[in-house]
Amino acid sequence: MVEVSTSILNANEEEIIKTVYDLETAKTDYFHIDVMDGKFVKNDISEKMRKYTESIKNVSNIPLDVHLMVNNVEEYVKDYLDIGVNCITFHIEAYKNEMEVLKQISYIKQNNCKVGLAINPNTNIERVYEYIPYIHKVLIMTVEPGKGGQELLPQTIEKIANINKFIYENGYEVDIEVDGGINEKTSKQVIESGANILVAGSYIINSEDFEKAIKMIKQK
Ligand code: DX5
Ligand code: ZN
């Protein structure tokens, strides 16, 4: 089954609660919350996103899918665990040491939250293999992290296929989420390569009809 996680990164701040209601009616499977610290990526939207998450949690039962684009993962994890989100995904590039990655994975799980590991376009996919038995999902960045509205980088398609093969051959049950540049054309390519959760921001938010846009990108 293919699911859609709508990124609210580029939603209009004044209308955020209405947008959340409309996306819920349009049956988004998740809300994708992009947290940027001004260090891992240039923009710092950490305060704004924490407030958005708290407001959404108050009005919606749709699971919250948090994507931490931050250097200091610990600092942010606590806040989002307190809010009660469904899944926290952090970047493998935020750590130099394998033990630290494993520690962070188990800390999130101990707090009754799902955990994902994200990987940038230029990082070798094999770096996530050893963590696959312990995580719920892999998030393949299909653009450079930092902003919405970019085009999908074609070289990332092969990474999706490789991780899908690895997961299948080893009998794991791990979601493959893709993030960046998803539209009605690229969605077909990533689904064919094995992605089952598609993050989409501008394609959905800029469309006239959220429900139709969500249906379009779920189509094989
Ligand atoms: C990029 C973010 C993405 C992005 C998706 O750093 O992680 O979630 O906002 O937006 P679109 O779909 O516009 O590429
Ligand atoms: Zn994201």
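The values are calculated or read from the model by the stated rules, or taken from the named source; none is laboratory data. Keep in mind the model is a prediction, meaning the values are calculated, not measured. Please note: Cβ atoms are built from the backbone with ideal geometry, for glycine as well, and neighbour counts cover all protein chains shown. When the accessible area is computed, the model is the full protein with side chains, heavy atoms only, and any ligands, DNA or RNA have been set aside. Shrake-Rupley method; radii C 1.70, N 1.55, O 1.52, S 1.80 Å.
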So, of the residues in region 199-220 that are surrounded by fewer than 16 Cβ atoms within 10 Å (Cβ to Cβ) and in a loop (DSSP other than H, G, I, E, B), which turns out to be nearest to ligand 1 (Cβ to nearest atom)?
-> Asn206
Pairs where the first residue, in region 1-22, is within 16 Å of ligand 2 (Cβ to nearest atom) and the second is assigned to a strand (DSSP E or B) and hydroxyl-bearing (Ser, Thr, Tyr), C-beta under 8 Å, 6+ apart = Glu3/Tyr30; Val4/Tyr30; Ser5/Tyr30; Thr6/Tyr30
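For residues in region 179-198 being within 16 Å of the chain's Cα centre (by Cα) and not in a loop (DSSP other than H, G, I, E, B), which is farthest from ligand 2 (Cβ to nearest atom)?
Restricting to residues being within 16 Å of the chain's Cα centre (by Cα) and not in a loop (DSSP other than H, G, I, E, B), the top hit is Ile191.
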Filtering region 127-152 down to residues that are open to solvent by 50 Å² or more (accessible area, probe 1.4 Å) and either part of a loop (DSSP other than H, G, I, E, B) or β-branched (Val, Ile, Thr) (or both) yields His136, Glu144, Lys147, Gly149, Gln150, Glu151
Sole residue being closer than 23 Å to Ile167 by Cβ, in contact with a Pro (Cβ under 9 Å, 6 or more places away or on another chain) and at pLDDT 95 or above, chosen from Asp65, Asp29 = Asp29
Examine region 40-47 for a residue that is in a strand (DSSP E or B) and either within 16 Å of ligand 2 (Cβ to nearest atom) or without any contact (Cβ under 8 Å) to a residue 24 or more places away in the chain (or both), and state whether such a residue exists.
-> yes
May I ask you to list the residues in region 48-69 that are closer than 19 Å to Leu117 by Cα and away from ligand 2 (no atom under 12 Å from the Cβ)?
-> Pro63, Leu64
Does region 157-171 contain any residue that is away from ligand 2 (no atom under 16 Å from the Cβ) and closer than 19 Å to Leu64 by Cβ?
-> no
